[in-house]
Amino acid sequence: MAPDSLSVRELPLFPLPEVVLFPGRLLPLHIFEYRYRILMQTILESDRRFGVLLWDPAKDEAATVGCCAELIRHQRLPDDRMNVWTLGQQRFRVLDYVREKPFRVGLVEWIEDEATDDDLKPLATEVDTVLRDVVQLSGKLSDQEIELPDDLPDLPRELSYWVAGHLYGVYEEQQSLLEMLSTRDRLERELEILGSTRSHLAARTVLKDTLNSFQNPSES
(Lines give C-alpha, C1' and ligand atoms only; values in the text may rest on other atoms or scores of the structure.)
Protein backbone atom coordinates (compact mmCIF):
# COMPACT_ATOMS: atom_id res chain seq x y z
CA MET A 1 0.00 0.00 0.00
CA ALA A 2 1.41 3.41 -0.92
CA PRO A 3 2.01 5.74 2.04
CA ASP A 4 -0.42 8.60 2.60
CA SER A 5 1.14 11.73 1.10
CA LEU A 6 0.09 13.68 4.21
CA SER A 7 2.28 11.43 6.36
CA VAL A 8 5.37 11.77 4.14
CA ARG A 9 7.93 14.57 4.19
CA GLU A 10 11.59 15.33 3.64
CA LEU A 11 13.57 15.36 6.87
CA PRO A 12 17.25 16.20 7.60
CA LEU A 13 18.85 13.15 9.22
CA PHE A 14 21.46 12.86 11.96
CA PRO A 15 22.85 9.28 12.32
CA LEU A 16 24.36 8.64 15.77
CA PRO A 17 26.16 5.52 17.06
CA GLU A 18 24.73 3.92 20.21
CA VAL A 19 21.90 6.48 20.45
CA VAL A 20 18.21 5.62 20.08
CA LEU A 21 15.81 8.51 20.64
CA PHE A 22 12.21 7.97 21.79
CA PRO A 23 9.20 10.30 21.80
CA GLY A 24 9.25 12.52 24.88
CA ARG A 25 12.93 11.86 25.62
CA LEU A 26 15.42 14.72 25.96
CA LEU A 27 18.63 14.46 23.93
CA PRO A 28 21.45 17.01 24.40
CA LEU A 29 24.05 17.16 21.62
CA HIS A 30 27.39 18.86 21.09
CA ILE A 31 27.66 19.86 17.44
CA PHE A 32 31.17 20.23 16.03
CA GLU A 33 31.32 18.52 12.61
CA TYR A 34 31.00 20.99 9.73
CA ARG A 35 28.14 19.15 8.00
CA TYR A 36 26.08 19.02 11.19
CA ARG A 37 26.78 22.68 11.94
CA ILE A 38 25.20 23.32 8.53
CA LEU A 39 22.32 20.99 9.43
CA MET A 40 21.62 22.88 12.66
CA GLN A 41 21.73 26.24 10.93
CA THR A 42 19.33 24.91 8.29
CA ILE A 43 16.76 23.64 10.77
CA LEU A 44 17.02 26.80 12.88
CA GLU A 45 15.83 28.63 9.78
CA SER A 46 12.91 26.22 9.26
CA ASP A 47 10.85 24.15 11.70
CA ARG A 48 13.70 23.11 14.05
CA ARG A 49 13.15 19.41 13.36
CA PHE A 50 15.49 16.67 12.22
CA GLY A 51 15.59 12.89 12.40
CA VAL A 52 17.83 10.85 14.70
CA LEU A 53 18.84 7.42 13.41
CA LEU A 54 20.94 4.73 15.06
CA TRP A 55 24.21 4.37 13.13
CA ASP A 56 25.97 1.01 12.87
CA PRO A 57 29.72 1.64 12.28
CA ALA A 58 30.39 -2.06 11.63
CA LYS A 59 27.87 -2.18 8.80
CA ASP A 60 28.43 1.45 7.79
CA GLU A 61 24.70 2.05 7.64
CA ALA A 62 21.86 3.72 9.50
CA ALA A 63 18.71 2.12 10.84
CA THR A 64 15.58 2.61 8.75
CA VAL A 65 13.40 3.61 11.72
CA GLY A 66 14.19 6.65 13.85
CA CYS A 67 12.65 9.43 15.89
CA CYS A 68 12.15 13.06 14.98
CA ALA A 69 13.90 15.53 17.31
CA GLU A 70 12.78 19.10 17.89
CA LEU A 71 15.46 21.61 18.80
CA ILE A 72 14.16 23.40 21.89
CA ARG A 73 17.28 25.33 22.96
CA HIS A 74 20.74 26.04 21.60
CA GLN A 75 23.97 27.69 22.66
CA ARG A 76 26.53 28.94 20.17
CA LEU A 77 30.17 28.31 21.02
CA PRO A 78 33.49 29.49 19.51
CA ASP A 79 34.40 28.19 16.05
CA ASP A 80 30.70 27.78 15.19
CA ARG A 81 30.35 24.80 17.50
CA MET A 82 27.02 24.49 19.24
CA ASN A 83 25.33 22.84 22.19
CA VAL A 84 21.72 21.92 21.47
CA TRP A 85 18.93 20.44 23.53
CA THR A 86 16.32 18.44 21.67
CA LEU A 87 13.10 16.61 22.50
CA GLY A 88 11.93 13.41 20.82
CA GLN A 89 8.71 13.74 18.83
CA GLN A 90 7.09 11.21 16.49
CA ARG A 91 8.75 8.14 14.99
CA PHE A 92 9.42 7.73 11.30
CA ARG A 93 10.55 5.21 8.70
CA VAL A 94 13.01 6.19 5.95
CA LEU A 95 11.54 5.47 2.53
CA ASP A 96 14.41 6.82 0.47
CA TYR A 97 17.34 9.22 0.60
CA VAL A 98 16.88 12.50 -1.24
CA ARG A 99 20.52 13.57 -0.94
CA GLU A 100 23.67 12.74 0.99
CA LYS A 101 25.60 16.04 1.10
CA PRO A 102 26.29 18.27 2.91
CA PHE A 103 24.11 16.18 5.24
CA ARG A 104 21.63 13.39 4.68
CA VAL A 105 18.04 14.21 3.84
CA GLY A 106 15.51 11.43 3.73
CA LEU A 107 11.98 10.98 2.48
CA VAL A 108 10.23 9.64 5.57
CA GLU A 109 6.79 8.51 6.66
CA TRP A 110 5.49 8.95 10.19
CA ILE A 111 4.62 5.75 12.05
CA GLU A 112 2.38 5.13 15.06
CA ASP A 113 1.46 2.16 17.20
CA GLU A 114 -1.47 0.14 15.91
CA ALA A 115 -4.82 1.02 17.43
CA THR A 116 -6.22 -1.53 19.87
CA ASP A 117 -9.32 -1.99 21.98
CA ASP A 118 -7.36 -4.00 24.55
CA ASP A 119 -7.11 -2.61 28.06
CA LEU A 120 -3.36 -2.19 28.52
CA LYS A 121 -3.61 -0.50 31.93
CA PRO A 122 -3.01 -3.72 33.94
CA LEU A 123 0.10 -4.48 31.89
CA ALA A 124 1.36 -0.91 32.28
CA THR A 125 0.76 -1.13 36.04
CA GLU A 126 2.79 -4.33 36.18
CA VAL A 127 5.65 -2.70 34.27
CA ASP A 128 5.49 0.29 36.64
CA THR A 129 5.65 -2.00 39.69
CA VAL A 130 8.66 -3.98 38.44
CA LEU A 131 10.39 -0.74 37.41
CA ARG A 132 10.02 0.61 40.96
CA ASP A 133 11.41 -2.64 42.37
CA VAL A 134 14.45 -2.31 40.10
CA VAL A 135 15.02 1.29 41.21
CA GLN A 136 14.69 0.35 44.88
CA LEU A 137 17.12 -2.56 44.58
CA SER A 138 19.58 -0.44 42.60
CA GLY A 139 19.52 2.17 45.33
CA LYS A 140 20.09 -0.44 48.01
CA LEU A 141 23.07 -1.92 46.18
CA SER A 142 24.69 1.46 45.55
CA ASP A 143 23.80 2.86 48.99
CA GLN A 144 22.16 5.79 47.24
CA GLU A 145 18.65 7.13 47.25
CA ILE A 146 17.29 6.79 43.73
CA GLU A 147 13.87 8.18 42.93
CA LEU A 148 11.70 8.04 39.84
CA PRO A 149 10.36 11.38 38.56
CA ASP A 150 6.98 12.56 39.81
CA ASP A 151 5.77 12.89 36.23
CA LEU A 152 6.45 9.27 35.26
CA PRO A 153 3.89 8.55 32.50
CA ASP A 154 0.92 6.39 33.44
CA LEU A 155 -0.55 5.99 29.95
CA PRO A 156 0.61 2.65 28.46
CA ARG A 157 2.15 3.94 25.24
CA GLU A 158 3.95 6.87 26.88
CA LEU A 159 5.19 4.62 29.70
CA SER A 160 6.55 2.15 27.14
CA TYR A 161 8.50 4.98 25.47
CA TRP A 162 9.82 6.22 28.83
CA VAL A 163 11.07 2.80 29.92
CA ALA A 164 12.66 2.10 26.53
CA GLY A 165 14.38 5.47 26.53
CA HIS A 166 15.93 4.84 29.95
CA LEU A 167 17.51 1.48 29.15
CA TYR A 168 21.26 1.90 29.07
CA GLY A 169 23.96 0.00 27.19
CA VAL A 170 21.48 -2.02 25.13
CA TYR A 171 20.95 0.21 22.09
CA GLU A 172 20.19 -2.73 19.78
CA GLU A 173 17.38 -3.75 22.14
CA GLN A 174 16.24 -0.14 22.21
CA GLN A 175 16.14 -0.04 18.42
CA SER A 176 13.97 -3.17 18.42
CA LEU A 177 11.59 -1.49 20.88
CA LEU A 178 11.50 1.68 18.77
CA GLU A 179 10.53 -0.30 15.68
CA MET A 180 7.64 -2.13 17.37
CA LEU A 181 4.19 -1.00 16.25
CA SER A 182 2.37 -2.61 19.17
CA THR A 183 2.24 -0.96 22.60
CA ARG A 184 1.41 -4.34 24.10
CA ASP A 185 4.43 -6.02 22.53
CA ARG A 186 6.70 -3.21 23.71
CA LEU A 187 5.40 -3.35 27.28
CA GLU A 188 5.62 -7.14 27.39
CA ARG A 189 9.24 -7.06 26.22
CA GLU A 190 10.06 -4.37 28.77
CA LEU A 191 8.44 -6.47 31.47
CA GLU A 192 10.78 -9.33 30.52
CA ILE A 193 13.84 -7.06 30.61
CA LEU A 194 12.91 -5.44 33.91
CA GLY A 195 11.92 -8.78 35.44
CA SER A 196 15.28 -10.27 34.57
CA THR A 197 17.05 -7.20 35.95
CA ARG A 198 15.04 -7.39 39.17
CA SER A 199 15.99 -11.03 39.68
CA HIS A 200 19.65 -10.25 39.09
CA LEU A 201 19.62 -7.29 41.48
CA ALA A 202 17.71 -9.24 44.12
CA ALA A 203 20.34 -12.00 44.03
CA ARG A 204 23.13 -9.43 44.38
CA THR A 205 21.29 -7.79 47.26
CA VAL A 206 21.03 -11.11 49.12
CA LEU A 207 24.74 -11.69 48.55
CA LYS A 208 25.59 -8.20 49.80
CA ASP A 209 23.46 -8.65 52.93
CA THR A 210 25.05 -12.04 53.59
CA LEU A 211 28.60 -10.65 53.26
CA ASN A 212 27.72 -7.73 55.51
CA SER A 213 26.40 -10.11 58.15
CA PHE A 214 29.76 -11.93 58.17
CA GLN A 215 31.77 -8.72 58.27
CA ASN A 216 29.61 -7.13 60.97
CA PRO A 217 28.39 -9.96 63.21
CA SER A 218 25.98 -8.93 65.91
CA GLU A 219 27.33 -9.06 69.44
CA SER A 220 26.00 -11.91 71.54
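Quick notes on this one:
Quick grid of which residues meet (1) modelled with pLDDT under 95; (2) under 21 Å from Gly24 (Cα atoms); (3) in contact with a Pro (Cβ under 8 Å, 6 or more places away or on another chain); (4) not β-branched (Val, Ile, Thr):
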position: Pro57; (1), (2), (3), (4): yes, no, yes, yes
position: Ala62; (1), (2), (3), (4): no, no, yes, yes
position: Ile72; (1), (2), (3), (4): no, yes, no, no
position: Val98; (1), (2), (3), (4): no, no, no, no
position: Leu107; (1), (2), (3), (4): no, no, no, yes
position: Gly139; (1), (2), (3), (4): yes, no, no, yes
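- Single condition Val8 does not satisfy, out of (1) surrounded by fewer than 19 Cβ atoms within 10 Å (Cβ to Cβ); (2) of a type in the set (A, V, I, L, M, F, W, C); (3) in contact (Cβ under 8 Å) with a residue 60 or more places away in the chain; (4) touching a helix residue (DSSP H, G or I) at 6+ places or on another chain (Cβ under 9 Å): (4)
- Within region 36-50, if we keep just the residues that are among the basic types (Lys, Arg) and farther than 18 Å from Asp79 by Cβ, the residue that is farthest from the chain's Cα centre (by Cα) turns out to be Arg48.
- Considering the conditions (1) open to solvent by less than 80 Å² (accessible area, probe 1.4 Å); (2) assigned to a loop (DSSP other than H, G, I, E, B), Leu107 is excluded by exactly one of them, (2).
- A residue that is of a type in the set (D, E, K, R), free of Cβ contacts under 8 Å to residues at least 24 places away in the same chain, more than 24 Å from His166 (Cβ to Cβ) and open to solvent by 30 Å² or more (accessible area, probe 1.4 Å) occurs somewhere in region 31-40.
- Total residues in region 60-69 satisfying the condition of being in a strand (DSSP E or B) and either at positive phi or surrounded by 15 or more Cβ atoms within 10 Å (Cβ to Cβ) (or both): the figure is 6.
- Count of region 119-137 residues, restricted to those that are among the aliphatic types (A, V, I, L, M) and farther than 13 Å from Arg198 by Cβ, is 3.
- Selected residue (only one of Val52, Val20 is open to solvent by less than 50 Å² (accessible area, probe 1.4 Å), closer than 19 Å to Leu178 by Cα and assigned to a strand (DSSP E or B)): Val52
- Within region 144-157, residues that are part of a loop (DSSP other than H, G, I, E, B) reach partners that are open to solvent by less than 30 Å² (accessible area, probe 1.4 Å) and small (Gly, Ala, Ser) with beta carbons closer than 6 Å, at six or more positions or on different chains, in the pairs Glu145/Gly139; Ile146/Gly139.
- Of all residues in region 171-211, those satisfying the criterion of being among the hydrophobic types (A, V, I, L, M, F, W, C) and in a helix (DSSP H, G or I) are Leu177, Leu178, Leu187, Leu191, Ile193, Leu194, Leu201, Ala202, Ala203, Val206, Leu207, Leu211.
Conditions tested, residue by residue: (1) at pLDDT below 95; (2) more than 14 Å from the chain's Cα centre (by Cα); (3) surrounded by fewer than 11 Cβ atoms within 10 Å (Cβ to Cβ).
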position: Leu148; (1), (2), (3): yes, yes, no
position: Val163; (1), (2), (3): no, no, no
position: Gly169; (1), (2), (3): yes, no, yes
position: Arg186; (1), (2), (3): no, no, no
position: Ala202; (1), (2), (3): yes, yes, no
position: Thr205; (1), (2), (3): yes, yes, no
position: Asn212; (1), (2), (3): yes, yes, yes
position: Ser218; (1), (2), (3): yes, yes, yes
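The values are calculated or read from the model by the stated rules, or taken from the named source; none is laboratory data. A quick note: this is a predicted structure, and the numbers were derived from the prediction, not measured. For neighbour counting, all protein chains shown are included, and Cβ atoms are generated from backbone atoms with ideal geometry for every residue, glycine included. Protein only, heavy atoms only, side chains kept; ligands, DNA and RNA dropped before computing areas. Shrake-Rupley method; radii C 1.70, N 1.55, O 1.52, S 1.80 Å.
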